[in-house]
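I have placed the structure first, in the form of structure tokens, so that the comments after it can refer back to it.
The values are calculated or read from the model by the stated rules, or taken from the named source; none is laboratory data. Small disclaimer: the values here were computed from a predicted structure and weren't measured. Cβ placement follows ideal geometry from the backbone for every residue including glycine, while neighbour counts extend to all protein chains displayed. Accessible surface is based on the protein model in full, side chains and every heavy atom, while ligands, DNA and RNA are left aside. Shrake-Rupley method; radii C 1.70, N 1.55, O 1.52, S 1.80 Å.
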Amino acid sequence: DPDAPEGSALPRPIQARTRLTLAEDIRVESGSVLLEDCVELSLRGRIGHAADLALLARDPAAAREELEGSEIEVLAELASAGLEELSALVPELRDVAGRVDGELRFGGTVGAPVVTGDLSVEDGVARYRGAPTIESLQLDLHLEEGQVRVERGSLELGASPVTFEGNVLLGQGDPRID
């Protein structure tokens, strides 16, 4: 998104392939988005808005404003991506390995999306700027509106085993761990 704020934490799509049906709503019959040239998400779903191509040609700002109130129902699947590929999204990480799987559901509206879903990490390894290496990372996350629930978490930090679970509450300001 060229209008994304500078320093935004959201990755920018590098490449997208989609097959759309334009009717009383916009249907994503099949599609994929390649993030940072390394992580591919498979997409399907709908945007509950008829594409007004005449308005788009005549007044793109008005067409965008109209689209922002449209409901969305989109499923994005991430299948067995290597964590080393995801490290391109967080350049401070070094020596990254492991696998991530999951699916994200986008609901709400185009202007105010709500993301829910599940992600799992298996056999993760990572090093962050001089901190001890994280090894044997196993992680199951459930994303809900306003929070991320850690359903299962374990790792080795240095030679010490660590297990954890709980909630990370998202909202205004810094995330809060519960």
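Descriptive notes on the structure:
- Residues located in the stretch 137-152, provided they are outside any strand (DSSP E or B) and either touching a residue at least 60 places away in the same chain (Cβ under 8 Å) or open to solvent by 40 Å² or more (accessible area, probe 1.4 Å) (or both): Glu145
- Every residue from the stretch 33-68 that is under 29 Å from Glu84 (Cβ atoms) and modelled with pLDDT of 75 or more: Leu41, Ser42, Leu43, Arg44, Gly45
- Any hit, the stretch 64-71, residues being in contact with a helix residue (DSSP H, G or I) (Cβ under 9 Å, 6 or more places away or on another chain), under 21 Å from Glu151 (Cα atoms), open to solvent by 60 Å² or more (accessible area, probe 1.4 Å) and not small (Gly, Ala, Ser): no
Table: residues versus (1) of a type in the set (A, V, I, L, M, F, W, C); (2) surrounded by fewer than 15 Cβ atoms within 10 Å (Cβ to Cβ); (3) under 21 Å from Leu41 (Cα atoms).
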site: Asp59; (1), (2), (3): no, yes, no
site: Ser87; (1), (2), (3): no, no, yes
site: Asp101; (1), (2), (3): no, yes, yes
site: Thr109; (1), (2), (3): no, no, yes
site: Gly117; (1), (2), (3): no, no, yes
site: Val125; (1), (2), (3): yes, no, no
site: Glu135; (1), (2), (3): no, no, no
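- Subset tally (residues that are surrounded by 14 or more Cβ atoms within 10 Å (Cβ to Cβ), free of Cβ contacts under 8 Å to residues at least 12 places away in the same chain and within 18 Å of Leu20 (Cα to Cα)) for the stretch 44-57: 1
- Residue under evaluation Gly111, criteria (1) in a loop (DSSP other than H, G, I, E, B); (2) modelled with pLDDT of 85 or more; (3) within 15 Å of the chain's Cα centre (by Cα), criterion not met: (3)
- Just so you know, in the stretch 72-85 the residues that are within 20 Å of Ser30 (Cα to Cα) and either modelled with pLDDT of 90 or more or acidic (Asp, Glu) (or both) include one that is surrounded by the most Cβ atoms within 10 Å (Cβ to Cβ), and it is Ile72.
- Criterion: under 20 Å from the mean Cα position of the chain (by Cα), within 28 Å of Glu29 (Cβ to Cβ) and not hydrophobic (A, V, I, L, M, F, W, C) - qualifying residue of Gly117, Gly124, Gly69: Gly117
- All positions within the stretch 104-119 that are of a type in the set (Ser, Thr, Tyr) and closer than 20 Å to Arg149 by Cα: Thr116
- Taken together, the residues in the stretch 19-32 that are modelled with pLDDT under 80 and under 14 Å from Phe106 (Cβ atoms) amount to 1.
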